[in-house]
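The values are calculated or read from the model by the stated rules, or taken from the named source; none is laboratory data. Computed from a predicted model, the values in this text were never measured in an experiment. Cβ sites come from the backbone with ideal geometry, for glycine too, and all protein chains shown count toward neighbours.
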Amino acid sequence: MIEIDTKRRMEIIDITDEVESKLKDNASHEGGFSSGLCLVYSMHTTTGLIVNEADGALIEDILDILEKIVPKGAGYQHDRSDGNAHAHLRATLIGNSAIVPVQAGRLALGTWQRILFVELDGPRKRNVFIQFIEQ
């Protein structure tokens, strides 16, 4: 499990290093883990996970497009109870998990690929579940 303290209403946080660290910890406790899959799963309905480049300009573009596609306060029914329907709807577009192959004991990510946690209703304390599946 990774615990994340988000700082803003919407933000994207690169958690790749934390996931790699959990992979290394798991390998040292379990006698080695060389290949398989890494499941990264958000425990929240107003967050998401994506694999993409962690470029600052791209991150701003992602956040901007989410606000354009699903604007806050557009008359959503869920807003009558919590006022955060936009965050739930944005999360459904992104998805709440990522699966990354593991090869030679490392995450098999492309040159620019990073695992990015997307906060859509912060700031809050968040938890991301990590599961390693050995082949």
> With (1) closer than 29 Å to GLN131 by Cα; (2) touching a residue at least 24 places away in the same chain (Cβ under 8 Å); (3) not in a strand (DSSP E or B) as the list, and LEU89 as the residue in question, which single condition is left unmet?
Replying inline: (2)
> Out of the stretch 76-135, which residues are among the hydroxyl-bearing types (Ser, Thr, Tyr) and in contact with a Phe, Trp or Tyr (Cβ under 9 Å, 6 or more places away or on another chain)?
Replying inline: SER97
> Does the stretch 92-102 hold any residues that are among the aliphatic types (A, V, I, L, M), part of a strand (DSSP E or B) and closer than 14 Å to LEU49 by Cβ, and which are they?
Replying inline: ALA98, ILE99, VAL100
> Within the group ILE94, ILE50, ILE62, which residue is under 14 Å from GLU11 (Cα atoms), in contact (Cβ under 8 Å) with a residue 60 or more places away in the chain and not small (Gly, Ala, Ser)?
Replying inline: ILE50
>> Any residue that is touching a Leu at 6+ places or on another chain (Cβ under 8 Å) and of a type in the set (Phe, Trp, Tyr) - is there at least one of those in the stretch 100-115?
In response: no
> For the stretch 63-86, what are the residues that are within 21 Å of ILE50 (Cβ to Cβ) and in a loop (DSSP other than H, G, I, E, B)?
Replying inline: VAL70, PRO71, LYS72, ASN84
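Rundown of residues vs (1) modelled with pLDDT under 95; (2) of a type in the set (Gly, Ala, Ser); (3) within 29 Å of PHE132 (Cα to Cα); (4) buried (at least 18 other Cβ atoms within 10 Å of the Cβ), yes/no style:
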{"residue": "PHE33", "(1), (2), (3), (4)": "yes, no, yes, yes"}
{"residue": "ILE65", "(1), (2), (3), (4)": "no, no, no, no"}
{"residue": "ALA98", "(1), (2), (3), (4)": "no, yes, yes, yes"}
{"residue": "PRO101", "(1), (2), (3), (4)": "no, no, yes, no"}
{"residue": "GLU119", "(1), (2), (3), (4)": "no, no, yes, yes"}
>> Can you tell me which residue is surrounded by the fewest Cβ atoms within 10 Å (Cβ to Cβ) among those in the stretch 103-117 that are modelled with pLDDT of 95 or more and part of a loop (DSSP other than H, G, I, E, B)?
In response: THR111
>> Condition check: farther than 18 Å from LYS22 by Cβ, touching a residue at least 60 places away in the same chain (Cβ under 8 Å) and surrounded by 13 or more Cβ atoms within 10 Å (Cβ to Cβ). Does GLY83 satisfy that?
In response: no
